[in-house]
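Read the structure below first, then the notes.
The values are calculated or read from the model by the stated rules, or taken from the named source; none is laboratory data. Given the structure is predicted, the values throughout are model-derived calculations rather than measurements. Here the Cβ positions follow ideal geometry from the backbone for every residue, glycine too, while neighbour counts run over all protein chains shown. The accessibility values were calculated without ligands, DNA or RNA, using every heavy atom of the protein model including side chains. Shrake-Rupley method; radii C 1.70, N 1.55, O 1.52, S 1.80 Å.
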Amino acid sequence: MDKVLSFHQGTLPLLISMPHAGLKLTPAVRDGLVAPARSLPDTDWHIPQLYDFVRELGASVVAAEYSRFVIDLNRPEDDQPLYVGATTGLYPATLFDGSPLFEEGRVPSVEERAGYLEGIWRPYHDTLRNELARLKEKFGYALLWDAHSIRSHVPHLFDGKLPDFNLGTFNGASCDPQLAARLEAVCGEAQGYSHVLNGRFKGGHITRHYGDPANDIHAVQLELAQSTYMEEVEPFTYRDDLAGPTQVVLRQLLEATLAWAKG
């Protein structure tokens, strides 16, 4: 495999994970996609740009290079479902609207997908695990922020309009409840934005697997409504006028996370 992720090591006990920001496709996936999928509509668009301030803040950052249509880095390697009802798996078979992702007979082979697991999924998770271990050893604790976004209306996955800020802590299992309360308070003070804790998106595999508050590793997933920073229809344009105020809230959330950890 060529470059499968980007990684920046920071100076703070905070790691930002961006598993669904990638745009690369393997030949087998590219050639098999149905026409509506070729624009990669289910991407977490522009997440690296939206979070471009975190390096200045001092955070470590790991971001995927390959699209979730190749392999979903926020799913467990055994592909066990994370949510009851409609969802997508380790090797997505459908778009978010429930329609097929691949043309009939054009799904990547078992052998190709095994290569994706070893060559794309595993390096990402090795990086997450190693950096969290380094942070824990250096600081005595580690903070993991799993950064996501999604269209604000996806009827196949949830009813109505999604709240703007969807915080997930796996129903309190992935981080200290006082940290979750601090983050809810920040969102509550953000005028013009809605939020929820452990609503439709409670945290995917990364949050659930690495969050271990008993051992001082605290993980939070943020699923951000894309209407807060971009156009949700093709060509999925980044909107500075929307993104600017949203970045203010994101910075406040991350600074609150760091402040809570310092006690």
Listed by chain and number, the residues whose amide H is under 5 Å from that of H195, excluding neighbours fewer than 5 places away on the same chain and using placed H, are D164, F165
Residue-ordered couplings for the range 244-261, obtained by feeding phi - 60° into the Karplus form 6.51 cos²θ - 1.76 cosθ + 1.60 and rounding to whole Hz (Gly and Pro as x), are x, x, 5, 4, 4, 5, 4, 4, 4, 5, 5, 5, 5, 4, 5, 5, 4, 5
The chain accessible area per residue, 1.4 Å probe, protein heavy atoms, integer Å², reads 42
Counting sequence-distant residues (5 or more places) and residues on other chains, those with an amide H built under 5 Å from that of F102 are V34
Taking GluC sites (Glu not before Pro) in a DSSP loop with at most 15 other Cβ atoms within 10 angstrom as exposed, one finds the longest site-free stretch of the chain at 105-230
In a Gaussian network model of the chain with springs linking alpha carbons closer than 10 Å, the residue among P163, P76, P155 that fluctuates most is P155
Candidates K136, K161, K24; GNM for the chain (alpha-carbon contacts under 10 Å) flags as most fluctuating K161
On the accessible surface of the range 5-262, probed at 1.4 Å with all protein chains in place, carbon and sulfur together account for a percent value of 52
Excluding residues fewer than 8 positions from K24 in its own chain, the aspartates and glutamates with Cα under 14 Å of it are D2, D42, D44, E65, D72
Dividing the mean separation of Cα pairs under 8 Å (6+ apart) by the residue count of the range 5-262 yields a relative contact order in percent of 21
